[in-house]
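Below you'll find the structure, written out as structure tokens, and then a few comments.
The values are calculated or read from the model by the stated rules, or taken from the named source; none is laboratory data. Because the structure is predicted, anything quoted here is derived from the model rather than measured. Please note: Cβ atoms are built from the backbone with ideal geometry, for glycine as well, and neighbour counts cover all protein chains shown.
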């Protein structure tokens, strides 16, 4: 009788462990998606790193962590809630992001895990550009926003900013290229870069917008 009871208890424990294993996997996939969104869409690098570390914890084998699946799930939920509170405290203090206007030639700071200073110098119009060694033409024209970026941190970083153009009719144009996308930015070294847009010839009153973790920076391009 005792053996049967112990066998039933063991079976129940295995079922519960299996359920929480599935929950850990589902939560891990969700957290990993949150990390990718933080990195690629919102440029919120601190949150991205925290979510990524939590995903690693959830996918770590039980034999390495030596804790039960239900305890791992409980710890992960607590950490996930803490990350949400950190996001609320750091990035949502005033609700909507702060709008900051700048002039051409004015230096400003892009706030992130590693701050970057930026200057927008001027623009260049091109009838054609080279993309992967192939010439590309347009029925409008290609607008290059000539800028400079400086890594203010202590180690080399890559920069993947969120940016676009807006015209007098509030039409938004997404970029088709950023010259510094595959480059490594060394500490304290200013590097000239440009952002590429394809726009119609009728566009006017163009403003360049670039976002960081707390603000949207707007620069009137004088076109």
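Quick look at the numbers
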item: Some residue of the stretch 83-97 being at pLDDT 90 or above and surrounded by 11 or more Cβ atoms within 10 Å (Cβ to Cβ); result: no
item: Residues located in the stretch 201-212, provided they are surrounded by fewer than 16 Cβ atoms within 10 Å (Cβ to Cβ), at pLDDT below 95 and on the phi < 0 side of the Ramachandran plot; result: 201, 202, 204
item: Candidate set from the stretch 40-61 (those that are in a helix (DSSP H, G or I) and free of Cβ contacts under 8 Å to residues at least 12 places away in the same chain); member that is farthest from the chain's Cα centre (by Cα); result: 56
item: Hits in the stretch 112-165 - residues which are buried (at least 17 other Cβ atoms within 10 Å of the Cβ) and not in a strand (DSSP E or B); result: 112, 114, 159, 161
item: Residues of the stretch 66-82 classified as under 20 Å from residue 14 (Cβ atoms) and surrounded by 14 or more Cβ atoms within 10 Å (Cβ to Cβ), total; result: 5
item: Options 188, 133, 222, 180: the member that is under 30 Å from residue 86 (Cβ atoms), out of contact with any strand residue (DSSP E or B) (no Cβ under 6 Å at 6 or more places or on another chain) and at pLDDT below 95; result: 188
